[in-house]
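No value in this document is a laboratory result; all are computed from the given coordinates. What you see is a predicted model, and the numbers here were worked out from it, not measured in a lab. Quick reminder, even Gly has a Cβ in these numbers, built from the backbone with ideal geometry, and neighbours come from all protein chains shown.
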Amino acid sequence: METKHTQGPWVVHHDGHYPRIRKHFHETHHMDVCGPVHGYMYSQDEKCEQAANARLIAAAPELLETLSRACTIIKDMIDKCDYVGCGTIEAGDLEEAEDRKRLAEVQAAIAKATGEA
């Protein structure tokens with residue numbers, strides 16, 4: 001998969017009111033990838049929501065990479081699976097259709113994240 005975003009890992013950095021997402025290149029050099037990260041101002045706990053949003057954003061590169069690898073594995077498993085052993089042909093067809101639907105959902109999430117949707 002060609003990466004167009006800033007390579008991870010990204011980290012959450014707190015330096016005031018709002019957290020920021022940073023990429024550290026070495027001890028003295030970093031860049032803000034995203035920031036400031038906000039929470040919904042009318043939520044019960046805006047600070048908690050800000051922190052949760054920041055953690056999710058910071059995890060994005062690893063999540064995308066892991067999901068992409070999992071997608072390849074899932075596709076290979078579906079292609080190699082013998083759905084006939086599911087009891088009946090209809091049951092096998094239904095199970096394969098469900099698996100392919102889930103695979104399409106994973107592929108759609110990856111496409112959304114990579115701008116291919």
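With each label modelled as a point 7 angstrom along the Cα→C-beta vector, the Ala59-Thr6 pair spans 2.0 nm. On full extension, the segment bounded by Tyr18 and Leu67 gains 14.8 nm, given 0.36 nm per residue less the C-alpha separation.
Note on the stretch 57-82 and the stretch 1-50: Cα centroid distance 25 Å, given to the nearest whole angstrom. For the chain, the 222 nm mean residue ellipticity estimated from helices alone, with every DSSP H stretch of n ≥ 4 adding -39500 (n - 2.57) and the total spread over all residues, rounds to -19000 deg cm²/dmol.
Between Asp32 and Lys101, the simple label model (points 7 Å from Cα in the Cβ direction) yields a spacing of 4.4 nm. Lysine pairs, Cα distance under 30 Å, 8 or more residues apart or cross-chain: how many in the stretch 11-114? So the count of such lysine pairs works out to 8.
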